[in-house]
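Structure record follows, encoded as structure tokens.
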Amino acid sequence: MSARKEITVVFITKIMVLAAHLGVQSMLAWMLGPEGRGSYAVCMLLGTVLGVVFAVGTDRAAQYYAISGKLSLSQAVWVTLVITLLGSGIGVILGAALIQTPIGFFKKATPETFYISLSLIPLLVLVVTLQLQLSGMRKFAQVGIVLVCRNLFCGLLIALLVGSLGFGVKGALLAQAISALLTIALFLLVLRTSCGLTFVPLKWEHFHLILKYGLRYYPARIGHIIDQRVGVIVLALFATRKEIGFFTAASALVLRLGIFSQSIEAPLSPRIASDPGGRIKLVGQCIRLLFLFASLMAIVLVLVSYPLVKIVLSSAFLPSVPLIWVLAPALVFHGTSKILLSYFRATNRPGLCSFAIWTGMIANSLALIFLYPRIGLPSAAWAMLIGFTGRTLALLVSYQLITGKQVADLLRFRQDDFLIIKKAFSQFFNYVCIR
């Protein structure tokens with residue numbers, strides 16, 4: 001399948017996943033309200049961050065070695081699963097100890113809900129790891145179908161546990177944990193039936209390869225997870241649960257709309273990894289197309305933000321609208337950076353990913369520390385935008401130094417770009433009509 005056709009398929013499946021995910025977010029907003037949504041966000045943050053910390057970057061390492069052919073799919077998957085489970089066990093122990101501390105972060109929800117969130121530590125990491133493997137094998141439609149099923153099942157559980165039984169935040173976290181288990185089972189089934197996943201003997205040299213790459217990418221993985229969540233971390237220490245709810249609702253809505261960048265990134269990585277030249281021309285073209293569509297998406301988001309929040313999240317979340325206006329340009333920088341990160345990961349340069357992501361994270365953190373005492377809640381949105389801008393600039397400079405391509409030339413549109421846009425729209429509508 002050509003790159004354009006793969007992008008079209010991924011784009012369509014991403015739209016389906018986005019619609020299902022927005023349905024889940026809408027249910028959470030309407031049923032939990034801003035305060036409950038804030039407590040839920042803090043608990044999810046604990047489970048997500050501890051999972052990433054103790055997975056030591058092995059999810060991306062496994063994908064790289066599988067798509068580059070340096071390890072078999074089975075070797076990469078099983079080695080990573082073992083590392084993830086061992087690391088997650090440490091994460092659960094540490095998390096349980098932290099919950100008992102007087103840190104303000106752990107006052108934003110009950111201890112019981114935080115303990116439930118610890119179950120998410122291995123589950124969320126395994127979901128991401130297996131999803132990356134399937135994407136690396138170019139099973140984009142299957143990934144989309146599984147993720148849609150995950151969100152639909154999660155929505156049903158939220159309706160039952162939160163809406164009918166009144167379990168509140170605890171019910172929402174249980175719904176995420178159960179739906180993650182289902183997702184892992186479905187991903188393993190697809191890997192077994194479509195990609196030939198089998199159990200193979202594990203060797204120390206396989207662990208060594210995965211851990212070596214993972215540790216080089218580890219700073220980027222940590223920086224990435226913190227960069228997107230540093231606003232929630234700081235707000236969890238000083239702000240109210242309602243303010244946390246407003247910011248997390250706004251940031252989740254904006255970042256989830258980055259479907260076009262994900263549609264390009266997924267088919268791009270295997271092609272770069274399999275080509276010694278790194279497909280420099282294709283990477284540049286993808287960046288230009290993404291810049292155009294992300295800009296258009298940001299403009300549309302600003303124009304429809306008020307009715308969108310009112311319908312999807314409820315009138316109680318209308319204070320999130322000004323935050324969305326600030327975050328909308330982040331769609332452009334976030335998308336552009338994802339393409340460049342994909343290029344550096346697939347050409348075995350995870351260290352550059354770490355440098356760029358930490359540049360953005362430091363800019364985000366410093367901006368938040370400076371702005372929060374002065375302007376309050378909007379500072380989290382401005383800081384996130386500044387962080388994405390810093391990350392993108394660092395990546396563009398690194399790309400220019402590595403490839404010798406000028407940034408101005410990289411962003412200059414060509415006639416071939418517009419022909420691709422025309423063909424992509426034609427394929428998109430043909431695909432929709434056929435289906």
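The values are calculated or read from the model by the stated rules, or taken from the named source; none is laboratory data. Source: prediction; values computed, not measured. Cβ: placed from backbone, ideal geometry, glycine included. Neighbour counts: every protein chain shown.
Structure notes:
- Residue check, I233 touching a Phe, Trp or Tyr at 6+ places or on another chain (Cβ under 9 Å) and within 27 Å of R60 (Cβ to Cβ): yes
- Residues considered: L156, L160, L181, L174. Of these, the only one that is at pLDDT 95 or above and under 30 Å from F238 (Cα atoms) is L174.
- The test for being closer than 18 Å to P122 by Cα, buried (at least 19 other Cβ atoms within 10 Å of the Cβ) and not small (G, A, S) holds for L173.
- Scanning region 371-384 turns up one or more residues that are surrounded by fewer than 21 Cβ atoms within 10 Å (Cβ to Cβ), basic (K, R) and free of Cβ contacts under 8 Å to residues at least 40 places away in the same chain.
- Residue count for region 221-232, restricted to those that are over 10 Å from M361 (Cα atoms) and at pLDDT below 85: 2.
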